[in-house]
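Data first, discussion second: the structure below is written as C-alpha cells.
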Amino acid sequence: MGEPMTITSNPAEDRAADSGILSFPMDRAAGCPFDPPPRLQAQQQEEPLSRVRIWDGSTPWFVTRHADQRALLGDPRVSADATRPGYPRSAPSNGRNNISFILMDDPEHARLRRMVTGSFAVKRVQAMRPAVQKIVDDLIEEMLAGPNPVDLVQAFALPVPSLVICELLGVPYDDHDFFQRNSSALVKQSLSVEERTAAHGALLTYLDDLMGEKLAHPADDLLSSLVTRVKDGELSRNEAAQMGVLLLLAGHETTANMIALGTVALLEHPDQLARLRDTDDPKAIAAAVEELLRYLNVTHSGRRRVALEDIEVAGEVIRAGEGIVFPNEIANRDAEVFTDPDHLDLGRDARRHVAFGFGVHQCLGQPLARLELQVVYSTLYRRVPTLRLATEAEKLPYKHDGAVYGVYELPVAW
Amino acid sequence: MKVTADQNKCCGAGNCVLLVPEVFDQREEDGIVVLLDEEPPEHLRAAVREASDMCPASAIAVHEDT
Ligand code: HEM
C-alpha cells in the first residue's frame, strides 16, 4: 500500500557491520512463510524503538511495539505526506505518481476521504453480502468445471476483489487485464520510476476516460457520484481520477493475497481449517477473519510517516522532519496484546490487530474487505472440502519482494 | 456512563458500528459517526469502551460515572 515502491533487493545481512544499524526490509526465515522476519521479532524484544537503514541510505525511526505504533499512527503530529522532506519512501520517486488521499494530511485528506466514505459504511457494505456471495459461488462453480489442478490466484483470489470493486465503482470488469497489469506495475519493486510512472499515467487516463463516459451516461455507481461532484465544482477532474485509481488499486492485491495466503495458512493448519469448515456461526467466521488478518498481515512493507514536530515516545524524542517506519506485522505479534502471538488460533479475539493500519488513514475499505473474506472463507472450503495444495508449501513462490505479501501462484487440486 | 463522538475527528472506518450498532451509526452521505445513545445501558458498556479504544481517530470519548 502507499506510494509505489521499489525495494532494492537489500536482503538483510541484518546489521551492516560498520554502522550497527539494521536494514529494512528484512528476510523471513526459510520454512516460516507466515512469520515475520526473526530479526524483526528480536528487535521488538530487545530494542522496540530503534532506527533502520532503508534503500536510499537514510535511517528513519523504526517502531515495533503495538502500543507505540497505535500512539504514533494516531498522532496528528505525524504526517503521511510523502512530498515532505524526511518521509521514508519505499522506492525512488519523481514525486508525480502519488496516489490521492492516502498520502495526504487532514484537512485535505478528510475532505477527499469523506467524499467516498459513505459507500464503504458498514451497513451499506453489509447490504452487498448477497451480491458478493453470488460472485464467490459463481467463481467456485466455474473453477470446479475447469482444469484440475488450477492456479487459485488467477481462478479465484484475484477475480473476487476485482469483480466486487468493479461493480462498486462502475468499472467494466472486461478491462481487468489492463488495470490489473498496470496496477501491479505501479507497485512492482523491480521496475524503474519511469515504468511505474507510465503505468500510473495509463491508469489515470483510463479512469479519466471512464469518467467522461459517466458524465454522458451517469449510472448508480461510485465513479458517477464523483463525476457529479466534479460537475458541482467540489472536486477537480484530476482529483477524481486520482481517487478512482486509489480505489481500484487499494482493494485488489490486499484482498487477493489474504484469500490466497489465507488458504495456504489454513491448509497448513488443518485443525484450524476444520474449525472454520464446521461452523456456520457468523460470529465465529468474523473472528476467524480477524485472526487471519492479524496473523498474516499482508501489508508487510511498513506504514510510512514523517514527524511534523518533536514527539516524545518510549523515552526518546523523534525530531520534526524525521521519518518513521511502522512494520504492522510485528505489532500484530506483540505478546503484550496477544497471548501466544505466533500461534494461529481462529477462536481468539484478534480485533485489536493493526492489519488495516491505525489513525485517520486506517483502511477505508475494511468493511468491504471483511465482507469478502467472510464470504470466501465460509464458502470455499465447504464447497470444495477436498481442496489441497498441488505442490509443497515450501515450494510456493512467496512475494518476498512484493509491496503486499502473499503468493504469486497457488496451484491447488481437489 | 456518558459517551461523546467527535464528528470532526471521525474518519468513518466503521469499527464502532461493527462493535456496538445499538450505540453508533454512520451518516448516509459521508459515513461519519452518529451517536444513537449518549448514555448506553449497562450491558453495552464494555463494548462501548472497546469501541472507544479501537477508534483509529480517537473520536469516541467515554466518561465513566463517578
Ligand atoms: C484485506 C484487505 C485489505 C488490507 C489488509 C488493507 C490494508 C490497508 C492498510 C494497512 C491501509 C493503511 C495505509 C496507511 O496507513 O498508510 C489501508 C488504507 C486504505 N485502504 Fe485498504 N486494505 C484492504 C482492503 C481494501 C479494500 C477492499 C479497499 C477498497 C477500495 C481498500 C481501500 C483503502 C483506501 C482507500 C485506503 C487509504 C485510506 C486513507 O488514506 O485514508 N482497502 N488499507
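What follows is calculated from the coordinates using simple rules that are stated; it is not laboratory data. Computed from a predicted model, the values in this text were never measured in an experiment. Glycine gets a Cβ as well: all are built from the backbone with ideal geometry, and neighbour counts include every protein chain shown.
Computed from the C-beta positions of A:Arg229 and A:Phe178, the FRET efficiency with R₀ = 30 Å rounds to 0.75. Tell me whether chain A comes out rounded, prolate or oblate; compute the Cα gyration tensor, take square roots of the eigenvalues as a ≥ b ≥ c, and use a/c under 1.5 as the rounded threshold. Oblate, because a/c is 1.5 or more while a/b does not exceed b/c. Count Lys and Arg as plus one, Asp and Glu as minus one, and take only other residues whose Cβ is under 14 Å from that of A:Glu141; the net charge is then 0. Taking 0.890 mPa s as the viscosity and 25 °C as the temperature, the Stokes-Einstein diffusion coefficient of the range B:2-63 based on its alpha-carbon Kirkwood radius rounds to 220 µm²/s.
Calculated FRET efficiency, B:Val62 to A:Ala284, Cβ-Cβ distance, R0 = 45 Å: about 0.95 to the nearest 0.05.
Mean per-residue shielding of peptide A:362-370 is 4, counting Cβ atoms of other chains within 10 Å of each Cβ.
Long hydrophobic helices in chain A: the complete DSSP H runs spanning 18 Å or more by Cα along their own axis with mean Kyte-Doolittle hydropathy of at least 0.5 are A:237-250, A:252-268, A:282-296. From a point 7 Å beyond the Cα of A:Ala219 in the direction of its Cβ, which residues of the range A:108-141 have a backbone N at a distance under 17 Å? Output list for this probe position: A:131-132, A:135. For the range A:115-129, there are no residues whose amide N sits under 11 Å from a probe point set 7 Å from the Cα of A:Glu142 along the beta carbon direction.
Across peptide A:64-74, the mean count of Cβ atoms from other chains lying within 10 Å of each residue's own Cβ comes to 1. Per-residue mean of foreign Cβ neighbours for B:22-31 is 5 (Cβ atoms of other chains, 10 Å radius).
Report the Cα centroid-to-centroid distance between the range A:132-177 and the range B:1-36 in angstrom, as an integer. With the range A:132-177 and the range B:1-36 each reduced to a Cα centre, they are spaced 33 Å. Cross-link partners for A:Lys231 among the aspartates and glutamates, with Cα-Cα distance under 13 Å and sequence neighbours closer than 8 places in the same chain left out: A:Glu239. With the highest mean first, a sort of the peptides A:195-201, A:125-131 on other beta-carbon atoms found within 10 angstrom per residue produces A:195-201, A:125-131. Less than 5 angstrom separates the built amide H of B:Val33 from those of B:Gly12, B:Arg27, all sequence-distant by 5 or more or on a different chain.
Here's how it looks for A:Val313: its modeled amide H is under 5 Å from those of A:Ile318, which are all 5 or more places away or on a different chain.
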